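K.L.:
The structure's right below; bear with me while I get my questions together.
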Amino acid sequence: MSDTPRQASYDFVVSIGNVAFVVILLGSFMIMPWFGTYSGWKLLTTETPLNASLPLLPVLWLVPLALVAAGVLLLWAMFRPERKPQAYRLIIAACVVGLLYYVLFIFTLTQELPARATVGIGTIVILIGLLALIWQMRTYRPILVLLMALIFALFPVLWVISAAFNPSGNMATQTLIPQNVQSIGDLFANFNKLLSPEAQTLYPFWRWMFNSLFVASITAVLSVAISALAAYSFSRFRFQGRQNLLLLVLLIQVFPNMLAMVALFLILQQIGKLSEFIPAAIPALAGIDWSFFRAFGLDSLGGLILVYLGGALGINTWLMKGFYDSVPREIDESAQVDGATHWQTFRLLIFPLVRPILAVVAVLAFVGTFNEFVLARVLLRSKDNYTLMVGLYLFVSDNFAKDWGGFAAGALIGAAPIVIVYLLLQDQIVGGLTTGAVKG
Amino acid sequence: MSAQSTAVRGPSGLLTPVVQQILKLLGLAFLDVFGILLFYTFWYVGQWGLAAAIAIITLLVNVVVFVPRLYPVRWLSPGLAMMILMVIYPIIFTFTVAFTNYSDGHLYGKSESIALHGRVTYTPADARVYQFEPFVAKDDPSQLALWLTHDRGDGTTEVLWARVDEPLQPVDTDDPTPPEEFEGFRPMERSELFGVIRQLESGTFGEGADTVSVTSASRRTAARAEQRYVYDEELDGITDRVTETFYAADNEIGSWIAAKGTAEESKLEPGFFVFVGFTNFTRFFSDPALRGPLAIVFGWTVAFAFLSVFTTFVLGLFMALILNEKSIPYRKALRSLLIIPYAIPAVISILAWKGMMNPNIGVFAKTLGIEVPWFSDAGWAKIGIVLINLWLGYPYMMLITSGALQSIPTDIYEAAEVDGAGSRQRFWNITLPLLLVAVGPLLIASFTFNFNNFVVIEAYNKGGPPIPGTLTPAGYTDILISYTYRLAFGSGRGADYGLASAITIVIFFIVATITLLNFRFTGQWEEVSKNV
């Protein structure tokens, strides 16, 4: 539509007006008490040096500056011949929202209105403003919607990260930008507290982390090994009942083994008791120390791994069979003509070819096991055996509001590696998703 | 299970076929010995199901190794073994338990229950009284033993050596004075005695029904205890020899009952488990204490699963449509940012949301200025759960719908544009129908997933707020699976594994039916068969 230079410059200026509006809206968010620049705002308006913790004051000036910019643009746009009504409706809206907010804050500071009410009204104003904005600007609609989506998606993440680095460690006083930071060390106060040796007796965080890594890595390696062998069989052999077996393997996983938690609980209980049962059943063998069975019983990491491995033959086998099928059969047939056994064919020919994919499947299995909560919650009973997810869950139910910072620090340590893995492997994950594995 | 890995170790004939064969047989022999050991032990302790599972696995491995035709199955055997033990057997077990009254108070078989009661002892008024001398183990001061003497009245003295959890041992001696040392124990000093009086008086010495308990530590007397509950096979009941009550076995409900039709205390606990047929299932409808909450829980389960799929699909599709616009810059980076909620472990996300939703000091309360009862009000708790699940689940929907969007051929849109269809018409008449065909099966799979989405429910509010006036622990936001969890492992009201298993079976049938229909109507079945 910008066919003339004049038209183009008009559109350009209006878009600057739009940006000003966005700044006003975001700026209004920033003067929320929980944002952490509230005290900075006070400094700005009353000139009383309060507790300005981090140098973020320039950000605050953006709001009034944006207001001024929007006003100037309004005046300019009104006297242009090519003016469009939607352009200045928009800019008027921007000024009104900004002014409202400004007035509200002056009120809060001078009349001592209850801050909560102000903030509540302010939020509603922001939301209405945002909706009005999206309605006005056709071309910017997708970007603004995306912006809202990003806020929805990332605000909780930011909030937890901020809580982790907030020296107060308390939910009531948390602000998005940490307050009272005297040194870099203060930022890590929660981490230090959580990971300190004294805290380990009450909440053995390192122990939980180790347990999670241990269970997840062993399960990942073993289940991929089991699946890789099974997939070779399904891919390379033609035997009777193959089709039914493959269907059975797929179908049986319809029954999530989580549903059988009662049964699994009781089975592991019996396995653990084998250390007492065997000497009772066969007194001749009582001399042997059977207590290693306890490492596979209830409340043991070994038992949990066994349960996870029950689901090894499933959708992963199906995926891997697909990968194997893409390796031409001529390769292994010629090897077998030369006298190679199936084991050699698998180990020396197929395995190196599919190794990268197996690695990806293993990483995904690792992530899935690391995140698993239900079975770990049911089957692990003592604090030292918890996995990270169960540990954090119990940590939180013990003292949530009080040690919110500790939880956030733990959550950050636990989640960061997984998120990184996910983002690195997102293409493979998207590929796998449409094939079947379901979460959410 | 590791038969094939021991079979061929060298890449190029490092091991001769004979050695390979021997190694294979040795590995198998080891496995068989282990399997038989476990089988016998489980059989011995009455775990017939587990014994059968072990037997089947062991047999499977042997058959597979010895029948050449089954060589391909050998590759599957580790996976199959784990599947039989940890998936198939639990399913069968769950089905069996659902038809029993397996629950707190009914955790043992009848013979085990009898044996358990048989170990309870009492000291009758006319019991044989002993004088004792306390002994303590030389190397372990917590181990106590008694040197017991009883004057038979005919000039001879009966001497017994009693330790905890070991049979009473008659000592063949004429001299009843305690020795300086006996089996690694020494007599206790008078000064030491004071510290262990309580331990002496509360403990019993000896094993099973044949025990001795201390009647007075200061006078150093102990009495021979006797079996309190005696089972009578003919009458099929247990007699309490203290109160002289007869508890008849009720094999219908698995309890020992003194006088039928009276109050609770006339039962002898623990009872035993019995098959109760369809009682657990009919209780859903007949038991008013169960019927009410179960209807609420079931309704919410369906509503929750539906709302979860619907909200995540709408938001995910919306975002996919926007990201699909070629004009958006940094689409790849934006997509990465938008799937972050999906990457974070769900438990952590839910707990973080829970913190933000804190009605008093959470960030939402601070922003909105109002206290929303996110956890104490049933309606708000449900809204909160759906909101959190939306956050957790929309990236998945976004990913699958954006994949499907790209597979819709563009010439359809061009044709529609030529025919004058607006963007809205194109969405409703082309995009959505084609999309639903493509992702429909995944939506249904997502429905079944959310049907059992235990994590969200449990981590958010443990199913609360509780429904008042129910006998079983149930909350307004409980779904079937979390209700099952609460029945089995929940609060102090006693575990009811039988009922929990019955509900599990109902869930199983619902999920299986949906999945099978899904498979059938989408032709996934044929796809699998075709590919095989």
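The values are calculated or read from the model by the stated rules, or taken from the named source; none is laboratory data. Everything quoted here is computed from the prediction, not taken from an experiment. Here the Cβ positions follow ideal geometry from the backbone for every residue, glycine too, while neighbour counts run over all protein chains shown. Surface areas here come from the heavy atoms of the whole protein model, side chains and all, with no ligands, DNA or RNA. Shrake-Rupley method; radii C 1.70, N 1.55, O 1.52, S 1.80 Å.
K.L.:
Quick check on this structure: which one of B:259, B:263, B:295, B:289 is under 27 Å from residue B:446 (Cα atoms), of a type outside the set (Phe, Trp, Tyr), out of contact with any Lys or Arg (no Cβ under 6 Å at 6 or more places or on another chain) and modelled with pLDDT under 90?
P.N.:
Checking each option against the conditions leaves just B:295.
K.L.:
Something else about it: If we scan the range A:311-322, do we find a residue that is modelled with pLDDT of 85 or more, part of a helix (DSSP H, G or I) and of a type in the set (Phe, Trp, Tyr)?
P.N.:
Going through the range A:311-322, the residues modelled with pLDDT of 85 or more turn out to be none.
Looking for residues that are modelled with pLDDT of 85 or more, part of a helix (DSSP H, G or I) and of a type in the set (Phe, Trp, Tyr), one finds none in the range A:311-322, hence no.
K.L.:
Something else now. Out of all the residues in the range B:47-71, which are within 11 Å of chain A (Cβ to nearest Cβ) and more than 21 Å from residue B:87 (Cα to Cα)?
P.N.:
Once the filter is applied, which keeps residues that are within 11 Å of chain A (Cβ to nearest Cβ) and more than 21 Å from residue B:87 (Cα to Cα), the range B:47-71 yields B:69, B:70, B:71.
K.L.:
Another question about this same structure. Would you be able to tell me the number of residues in the range B:58-81 that are open to solvent by 20 Å² or more (accessible area, probe 1.4 Å) and farther than 20 Å from residue A:238 by Cα?
P.N.:
3
K.L.:
Regarding the range B:180-193, can at least one residue be identified that is in contact with a Phe, Trp or Tyr (Cβ under 9 Å, 6 or more places away or on another chain) and at positive phi?
P.N.:
There is at least one residue in the range B:180-193 that is in contact with a Phe, Trp or Tyr (Cβ under 9 Å, 6 or more places away or on another chain) and at positive phi.
K.L.:
Among (1) more than 17 Å from residue A:219 (Cβ to Cβ); (2) at the interface with chain B (Cβ under 10 Å from one of its Cβ atoms); (3) open to solvent by 20 Å² or more (accessible area, probe 1.4 Å); (4) assigned to a helix (DSSP H, G or I), which single condition is residue A:340 missing?
P.N.:
With respect to (1) more than 17 Å from residue A:219 (Cβ to Cβ); (2) at the interface with chain B (Cβ under 10 Å from one of its Cβ atoms); (3) open to solvent by 20 Å² or more (accessible area, probe 1.4 Å); (4) assigned to a helix (DSSP H, G or I), residue A:340 is out only on (4).
Quick grid of which residues meet (1) touching a Gly at 6+ places or on another chain (Cβ under 9 Å); (2) away from chain A (no Cβ under 11 Å); (3) open to solvent by 40 Å² or more (accessible area, probe 1.4 Å):
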| position | (1), (2), (3) |
| --- | --- |
| B:450 | yes, no, no |
| B:458 | no, no, no |
| B:470 | yes, yes, no |
| B:488 | no, no, no |
| B:501 | no, no, no |
| B:504 | no, no, no |
| B:519 | no, no, no |
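K.L.:
If you check residue A:228 against the conditions, is it touching a Phe, Trp or Tyr at 6+ places or on another chain (Cβ under 8 Å) and more than 12 Å from chain B (Cβ to nearest Cβ)?
P.N.:
no
K.L.:
Check off (1) surrounded by 17 or more Cβ atoms within 10 Å (Cβ to Cβ); (2) in a helix (DSSP H, G or I) for residue B:102 and give me the number that stays unchecked.
P.N.:
Result: residue B:102 passes all but (2).
K.L.:
Looking only at the range A:231-250, count every residue that is free of Cβ contacts under 8 Å to residues at least 60 places away in the same chain, open to solvent by 10 Å² or more (accessible area, probe 1.4 Å), at the interface with chain B (Cβ under 8 Å from one of its Cβ atoms) and in a helix (DSSP H, G or I) and tell me the total.
P.N.:
4
Yes/no per residue for (1) surrounded by 18 or more Cβ atoms within 10 Å (Cβ to Cβ); (2) in contact (Cβ under 8 Å) with a residue 12 or more places away in the chain; (3) touching a His at 6+ places or on another chain (Cβ under 8 Å):
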site	(1), (2), (3)
B:316	yes, yes, no
B:350	yes, yes, no
B:355	yes, no, no
B:359	no, yes, no
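K.L.:
Can you tell me which residues in the range B:368-396 are β-branched (Val, Ile, Thr), closer than 21 Å to residue A:400 by Cα and either more than 7 Å from chain A (Cβ to nearest Cβ) or in contact (Cβ under 8 Å) with a residue 12 or more places away in the chain (or both)?
P.N.:
Pass one, the range B:368-396, residues β-branched (Val, Ile, Thr): B:370, B:372, B:383, B:385-386, B:388.
Those still in the list that are closer than 21 Å to residue A:400 by Cα too: B:370, B:372, B:385, B:388.
Passing the criteria: B:372, B:385, B:388.
K.L.:
Hey, another quick one. In this structure, is residue B:214 open to solvent by less than 40 Å² (accessible area, probe 1.4 Å), at pLDDT 75 or above, within 45 Å of the chain's Cα centre (by Cα) and among the aliphatic types (A, V, I, L, M)?
P.N.:
For residue B:214, the condition - open to solvent by less than 40 Å² (accessible area, probe 1.4 Å), at pLDDT 75 or above, within 45 Å of the chain's Cα centre (by Cα) and among the aliphatic types (A, V, I, L, M) - is met.
K.L.:
Among the residues that make up the range B:73-92, is at least one of them in a helix (DSSP H, G or I), of a type in the set (S, T, N, Q) and farther than 30 Å from residue A:316 by Cβ?
P.N.:
Residues of the range B:73-92 that are in a helix (DSSP H, G or I), as a first pass: B:73-92.
Pick out the ones that are also of a type in the set (S, T, N, Q) and you get B:77.
Checking which are farther than 30 Å from residue A:316 by Cβ leaves us with none.
Taking every residue of the range B:73-92 in turn, none turns out to be in a helix (DSSP H, G or I), of a type in the set (S, T, N, Q) and farther than 30 Å from residue A:316 by Cβ.
K.L.:
Turning to a different aspect of this structure: Take the residues of the range B:75-97 that are within 19 Å of residue A:269 (Cα to Cα) and touching a Ser or Thr at 6+ places or on another chain (Cβ under 7 Å): which is farthest from the other protein chains (Cβ to nearest Cβ)?
P.N.:
Filtering the range B:75-97 for residues that are within 19 Å of residue A:269 (Cα to Cα) and touching a Ser or Thr at 6+ places or on another chain (Cβ under 7 Å), the one farthest from the other protein chains (Cβ to nearest Cβ) comes out as B:97.
K.L.:
So in the range B:334-367, with the set limited to residues that are outside any helix (DSSP H, G or I), at pLDDT below 90 and within 22 Å of residue A:176 (Cβ to Cβ), which one is nearest to the other protein chains (Cβ to nearest Cβ)?
P.N.:
Ranking the qualifying residues of the range B:334-367, first place goes to B:361.
K.L.:
Look through the range B:272-304, keep the residues that are under 23 Å from the mean Cα position of the chain (by Cα) and β-branched (Val, Ile, Thr), and return whichever of them is most open to solvent (accessible area, probe 1.4 Å).
P.N.:
Among residues in the range B:272-304 that are under 23 Å from the mean Cα position of the chain (by Cα) and β-branched (Val, Ile, Thr), the one most open to solvent (accessible area, probe 1.4 Å) is B:279.
K.L.:
Also, I was wondering about something else. With A:350, A:331 as the choices, which residue is touching an Asp or Glu at 6+ places or on another chain (Cβ under 9 Å) and either closer than 30 Å to residue B:88 by Cβ or part of a helix (DSSP H, G or I) (or both)?
P.N.:
On the way: A:331 fails: touching an Asp or Glu at 6+ places or on another chain (Cβ under 9 Å).
Of A:350, A:331, the one residue that is touching an Asp or Glu at 6+ places or on another chain (Cβ under 9 Å) and either closer than 30 Å to residue B:88 by Cβ or part of a helix (DSSP H, G or I) (or both) is A:350.
K.L.:
Name, by its number, the condition in (1) in the same structural domain as residue B:138 (by TED's automatic domain parsing); (2) modelled with pLDDT of 75 or more; (3) open to solvent by 20 Å² or more (accessible area, probe 1.4 Å) that does not hold for residue B:206.
P.N.:
It is condition (3) that residue B:206 fails.
K.L.:
Oh, and also: Can you spot a residue in the range A:178-197 that is acidic (Asp, Glu), surrounded by 13 or more Cβ atoms within 10 Å (Cβ to Cβ) and farther than 22 Å from residue A:155 by Cα?
P.N.:
yes
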